[in-house]
Amino acid sequence: MTKQADQAVRFRMLHRIALQAFVLLCLVAAGMPPAAEAHESRPAYLQIREVAPARYDVLWRTPVNSGMPLPVMLRLPEAARNTADPIIQRLNDSTVERRRIELPEGDLAGQRIDFVGLQATITDVLVRVSWLDGRQVTEIVRPARPWIELSDRQSIWQVARTYTTLGIEHILMGFDHLLFVAGLMIIVRSTRSLIKTITAFTVAHSITLAIATLGYASVPAAPLNAAIALSILFLGVEVVRLWRGQTSFTLRHPWIVAFAFGLLHGFGFASGLTTVGLPTSDIPLALLAFNIGVEIGQLAFVVVILLLHRAIRILQFDPPRWTYYAPGYLVGSLGAFWTIERALILF
Amino acid sequence: MRRSAVGVLLAAALCAPTPSYAHLVNSGLGPFYDGALHLMLTPMDLVGLAALSLFVGSQGAGAGRLLVIIAPLAWLLAGAVALYSRVDASFAVVNAGSLVLLGGCIALGLKTSPAVAAVAAAVFGGLLGFQSGLELRAAGADWVALIGTVAVVLAVTLLISALVVSYTAFAFRVVLRVLGSWAAATGLLSFGWIMASGAS
Amino acid sequence: MTKLHIHRLLLAAGICAAIVQFPETAFAHVEGEAISGFFSGLSHPVSGWDHILAMIAVGLWGALLGPPALWILPIAFPIAMAAGGMLGLLGIPLPWVEIGIAASSIVLGLFIVTNMRLSLAVAIPLVMIFALFHGHAHGTELSPGADAVLYSMGFVIATGLLHAFGIGIGAVDGLPMGRTVLRALGGGVLLGGTYFLIGAFA
């Protein structure tokens, strides 16, 4: 009897020590996302368009991350000759280089293009080549394999895969979007409500993503980002209301709020797609694939969070009171921080 | 005589260069996700972690809680040591041995006290983490990748031990023990395999 | 055992058999040596009828003996088999391997035909010794090089699925005439074993 009690006490002590260490680890982990966001991986974009037989327009756009141009050199096939001097244009967030080349040998298909230095970065390159006779190729080049061998045939399947991948990457790197989804997950209180809310968010951002990508409407980036940050802060406030046992319109109808702010986030996704430089011809397919990619990433996030939450309950963790509040504080304080930061840029 | 032969074999296996990828698999999402992906694509580490979670999880919710807290910490510490060490070896053969031990314990349906389970979590979590850290270093990764790996360790231990705790039906216990036997068998074969390729 | 259980078991056995049958064709386009290592591991235990027969026979016999042998035998077998495989890989010789393999089919077939009921204390070591021979034969044939763990995993999973297949067939025990069918199958295993034994001496 006493031995059992003794063991129980020792066990509880062990447990408490371990828990403190665990919380420490969580804090370290929680500190990660902003750090990872610091080197955001906006892709570079290479467009090659045949304008006359064996003559090509080349557009090479590279992102500028916090003032640093991308340390990558474009190496076109050796046979290619510039017909005019390259024009280099420096924009706020990217550098655009245009040139016109001719290939005496004729076709670009079967040639190799190297991106020297890409392997040392975490940037992807979206390559898009189109020929006069309507053939076209869209492909992503990754740092692990910093070159592309152009083949002149590309299936619809390849386009779909390329843009689906882009969509998944965009949502998984977009911590502000994920944080908003996390906030929604905190304030809903039933599975039914969760499904409704997430669906509303999805439908809404799909609508504005399509509208913005197809060029029917556009929102300037700076205020948009501030507004997205504000939507997260807004959820933080609602979480506090929930803790206090109060109720509000949002808490009663989270899906309506999810829909309204979803419209906003859709513009954000669209900016991710348009900085890539969308193809001119297979826009609908690329748009659909990108959207599907975003949904896959978002659903994966929701499922993982739900599973982890359930697992924590099954293991009967009895964490200190404040860890219950931690996710809410994370949403609220990061939302507030981003709102202030992004609002300051406006002025 | 025979013991020294085993010793030579063991030394040869340890000195064999890390068979893992020269590069990390590029996730396209930066070092954090690269590290996470590395663990998911390294069968030995993943199977070892799964076996550890199955064994400790089958000791009940209390042991499961200790596992979820201790194993990632041990992984992080040992991984960091390996990441910043100059050890030029692979501990894959040690991992194969741990797999045999853990799988055997599961197959036998062994019951232990929470304290022993905690020690197991620390020891095997540390061993696995050390090897993982060596792999990360060989791939030229940094501590951010290690954090990414540990995040996956946390998730995997949490999910698997919760799964084991929540299913108490007899049929599930049987499935668990069969899985343990498979894990031990995999460990035994891998052990022979690594030794054989290390010696040749 | 209810009818529903039998249906489920048969379904499971069928799926297992299907998985083992065409792994490589289905995933032929998956790149990478690692993945191919897994599938060559998966296909190795099903590469010879002498192995297939014995492993299905373990499942059949287990089904005849009923629980707990039903699940203890498939737990014991893979470990002993992997131990044999390890010895083979390390080049440590084991006597009478070919004969042992053929004998395993004969003995197990005989047990099934005669509905022999041995105690666990005898059945487990016996099956483990057989497993050792089978594993050793595989081990000496393996050529290290591919991904060790993936190959081993595939190998062990295929073995386990073959047991499951045998247990699945064993589920007919619950049907009328089922026992007779089972014992007839045991006769088939016995014949096969005899054939391999003659081959081992020839």
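The alpha-carbon positions of region B:29-199 define a convex hull whose volume is 100 Å³ per residue.
The modelled label-to-label distance between B:ARG173 and A:ALA54, using points 7 Å beyond Cα along the C-beta direction, is 8.1 nm. Just need log10 I(q)/I(0) for region A:44-154 at q = 0.12, 0.15, 0.22, 0.24 Å⁻¹, Debye formula, equal scatterers on the alpha-carbon atoms, no solvent, rounded to two decimals. Listed by q, the Debye log ratios stand at -0.40, -0.62, -1.29, -1.47. Sorting A:ASP176, B:ASP142 on solvent-accessible area from highest to lowest, probe radius 1.4 Å, gives B:ASP142, A:ASP176. Take each peptide in C:82-91, A:226-235, count the other Cβ atoms within 10 Å of every residue, and average; sorted highest first, the result is C:82-91, A:226-235. In summary, region A:170-346 shows an alpha-carbon radius of gyration equal to 1.07 times the 2.2 N^0.38 Å reference for compact globular proteins. Spin-label pair C:ALA184-A:SER193: with each label point 7 Å from Cα along the Cα-Cβ axis, the two points sit 6.3 nm from one another. Accessible area per residue for region B:29-199 is 31 Å², calculated with a 1.4 Å probe on protein heavy atoms, without ligands, DNA or RNA. Segment A:SER218..A:GLN246, full-extension length gain: 6.4 nm, with 0.36 nm per residue of separation and the alpha-carbon distance subtracted.
When A:ASP282, A:ASP318 are compared by accessible area of protein heavy atoms, the largest-first order is A:ASP318, A:ASP282, using a 1.4 Å probe.
Put simply, the C-alpha atoms of region A:153-275 give a gyration tensor, and the ellipsoid matching it has half-axes of 29, 16, 12 Å, longest first.
Per the accessible-area calculation with a 1.4 Å probe, the total area buried between chain C and chain B rounds to 2300 Å². For region B:38-94, the spread of Cα coordinates along the three principal axes comes to 39, 21, 19 Å, biggest extent given first. Mean per-residue shielding of peptide C:127-139 is 1, counting Cβ atoms of other chains within 10 Å of each Cβ. Between chain B and chain A, roughly 2700 Å² of accessible surface gets buried, counting both sides and using a 1.4 Å probe. Near C:GLY48, no amide H atom lies under 5 Å from its own; only residues 5 or more places off or on other chains count, and H is placed 1.01 Å from N. Scanning residues 5 or more positions from A:ALA44 or on other chains, those with amide H under 5 Å from its amide H are A:ASP124, A:VAL125, A:LEU126, with H placed 1.01 Å from N in the peptide plane. A Cβ-based charge dipole, computed about the Cα centre of region A:170-346 with Lys and Arg at +1 and Asp and Glu at -1, lands at about 700 debye. For the pair B:LEU110 and A:THR83, a Förster radius of 51 Å applied to the C-beta separation gives a FRET efficiency near 0.10, rounded to the nearest 0.05. Annotation: B:VAL174 carries an accessible surface of approximately 20 Å², with a 1.4 Å probe and no ligand, DNA or RNA atoms counted.
Descending by average beta-carbon neighbour count within 10 Å, the peptides A:77-89, B:161-173, C:100-112 line up as C:100-112, B:161-173, A:77-89, the highest first.
Within 10 Å of the Cβ of each residue in B:44-50, the mean number of Cβ atoms contributed by other protein chains is 2. With a 10 Å cut-off around each Cβ of B:63-70, the average count of Cβ atoms from other chains is 6. Once you reduce region C:106-163 and region A:72-109 to the center of their Cα atoms, the two points are 64 Å from each other. Protein heavy-atom surface of region A:44-154, 1.4 angstrom probe: 47% of the accessible area is carbon and sulfur, with nucleic acids and ligands not counted. Dipole magnitude for region A:44-154: about 200 debye, using +1 per Lys or Arg Cβ and -1 per Asp or Glu Cβ, origin at the Cα centre. D by Stokes-Einstein for region C:43-202, Kirkwood Rh over Cα pairs, 10 °C, 1.306 mPa s: 102 µm²/s. A crude spin-label estimate for the pair A:ILE256 and A:ARG321, with each label 7 Å from Cα along the Cβ direction, gives 3.4 nm.
The values are calculated or read from the model by the stated rules, or taken from the named source; none is laboratory data. Note that the structure is a prediction, hence the values are computed from the model and not measured. We place every Cβ from the backbone using ideal geometry, glycine too, and count neighbours over all the protein chains shown. To get the accessible areas, we keep the full protein, side chains included, count just its heavy atoms, and leave off ligands, DNA and RNA. Shrake-Rupley method; radii C 1.70, N 1.55, O 1.52, S 1.80 Å.
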